[in-house]
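Structure first, then comments.
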Amino acid sequence: MDKCVVRKAIKNVKADEIAGYELLFQEDDDSLYNNSEVNAANTIATFLMDNTGKIFKDNQIFITFTPSLLFRNTAKMFDKEKIVIQIEENLIIHPLAAVMIEKHRKEGYRFAINNFQFTPKYFSMLEYMDFIRLDITGYEERRVKDSLANMIQMAHGFGKSCIAYNVDSKEDYDMALSLDADYVEGQYVAEGMVTKMNKVEYLQGNLYQLIIEVTKEEPNLDELESIVSRDAALTYSLLKLANSAYFATRRRTASIHQALVTVGLNQLKQWVYLLSFESTQDMTPGAEEVLKLSFLRANYAARLVNYLRPFPINRSEAYMMGMFSALEYIVDATLEEILQEIPISDVVKDGMIKHEGKAGQLFDLVLAYERADWKGTKALAGELGLETNILAQAYIDCVEEVNSIWESLTDEEGKEEEAEKE
């Protein structure tokens, strides 16, 4: 059986920040929850136990529980501050559900209810809920829009927060805001959080580590490469610098390692020194999440290439493809304009811009998986000859890597702030 899992960002509208992620499970062509209830619970419980440390480093994780998951006390595996238990109709109508939900609620666990409806069985659970989740699909119809508005108004009257999901475009996002939703979830969330800037923004923790390394008596080239390679903005700026007329190299480079060699230590120090002044302003809201998204895409694309032999692009090129895929959201330029400034291969450019060739299929696969487009994911994996059973674990391993690095960067930022106070 083919199983997939992906997380989708949930944004707190008023705070303008990512509040957590929903974890979505899939098996074959349908939702895993459409399978046997016991089998679904077994699959999800096994996955959670095997990957607890990898997925629960984020703010909050929203997971839909089946009756079996709830009755097995699966939630006790996790910190109650980190998990939100989502329930659906199969739990609402269960005769023992209210007792178990009340028990968990008294212990401090939080709950969300999916697709709330104006019926007695849903209202019977309302007192235990913290979040009401509403699918805004079809809001173009006046009837649907009015129903959504009434539900959100009702929820607020009971002191509940509303999460509008399937927010996949700017129009969806604007509608969710006009309906007064407290949170939004969907493909547009990460991409739409940041306004394009006239300058590239860098993650402060990354830049701080780069400053520390470059000012050492004997900087480590491998460490410099590692720091730059996890930040799309730094990579983009370094490659532009290395391929500029100033260095007048005969052969343009898309390699971070070669770019560092070309620039040289003295020029690299000057470049980092200038960046430190340019980055004194706080980062635009959402820019960090987009950089994090690009880093996850880069790691995922590079990891999948390991299973594709032969393949027209190597691991490094796949990494760059994922890394630069989200840069257009924080640079005031189109993806095509961005790729013209750096010597990425034509195969990669055609894959990203025209969605052509095997590279295009890999690029589309990474984006389809991220969107939880299971049908598209399975079709693209089949075209590439990629076994779909490796997709979920590869994705979660990449999430763990990104989370660990971001955690270390946050620690560096905290140290920098403390040093400035002293």
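The values are calculated or read from the model by the stated rules, or taken from the named source; none is laboratory data. Keep in mind the model is a prediction, meaning the values are calculated, not measured. Note that we place each Cβ from the backbone using ideal geometry, even for glycine, and neighbour counts take in every protein chain shown. Keep in mind that these areas ignore ligands, DNA and RNA; they rest on the heavy atoms of the full protein, side chains included. Shrake-Rupley method; radii C 1.70, N 1.55, O 1.52, S 1.80 Å.
In table form, for the structure just shown:
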| quantity | calculated |
| --- | --- |
| Filter result (of a type outside the set (A, V, I, L, M, F, W, C), modelled with pLDDT under 85 and under 18 Å from Gln340 (Cα atoms)) within segment 247-269 | Thr249, Arg250, Arg251, Arg252, Thr253 |
| Considering residues of segment 37-58 that are part of a loop (DSSP other than H, G, I, E, B) and modelled with pLDDT of 65 or more only, the residue most open to solvent (accessible area, probe 1.4 Å) | Lys57 |
| Boolean, Asp29 is exposed (fewer than 15 other Cβ atoms within 10 Å of the Cβ), farther than 25 Å from Tyr139 by Cβ and modelled with pLDDT under 85 | yes |
| Out of Glu140, Glu127, sole residue that is closer than 30 Å to Phe78 by Cβ and surrounded by fewer than 18 Cβ atoms within 10 Å (Cβ to Cβ) | Glu127 |
| Matching residues, segment 1-23, being open to solvent by 30 Å² or more (accessible area, probe 1.4 Å), within 22 Å of Ile87 (Cα to Cα) and at pLDDT below 85 | Lys3 |
| Criterion (more than 30 Å from Trp406 (Cβ to Cβ), surrounded by 20 or more Cβ atoms within 10 Å (Cβ to Cβ) and among the hydrophobic types (A, V, I, L, M, F, W, C)) met by exactly one of Ile113, Ile93, Ile63, Ile85 | Ile113 |
| Which numbered condition Leu304 fails, given (1) farther than 18 Å from Gly357 by Cβ; (2) surrounded by 22 or more Cβ atoms within 10 Å (Cβ to Cβ); (3) at pLDDT 80 or above | (1) |
| Pairs where the first residue, in segment 325-349, is farther than 19 Å from Leu367 by Cβ and surrounded by 17 or more Cβ atoms within 10 Å (Cβ to Cβ) and the second is aromatic (Phe, Trp, Tyr) and modelled with pLDDT of 80 or more, C-beta under 9 Å, 6+ apart | Ile342/Tyr236; Ile342/Phe324 |
| Residue selected from segment 183-220 under the condition under 20 Å from Asp135 (Cβ atoms) and not in a helix (DSSP H, G or I), by the criterion modelled with the lowest pLDDT | Gly186 |
| Within segment 83-122, tally of residues that are touching a residue at least 40 places away in the same chain (Cβ under 8 Å) and in a helix (DSSP H, G or I) | 1 |
| Residue ID - nearest to Val144 (Cα to Cα), chosen from residues in segment 73-82 that are in a helix (DSSP H, G or I) and either polar (S, T, N, Q) or open to solvent by 80 Å² or more (accessible area, probe 1.4 Å) (or both) | Thr74 |
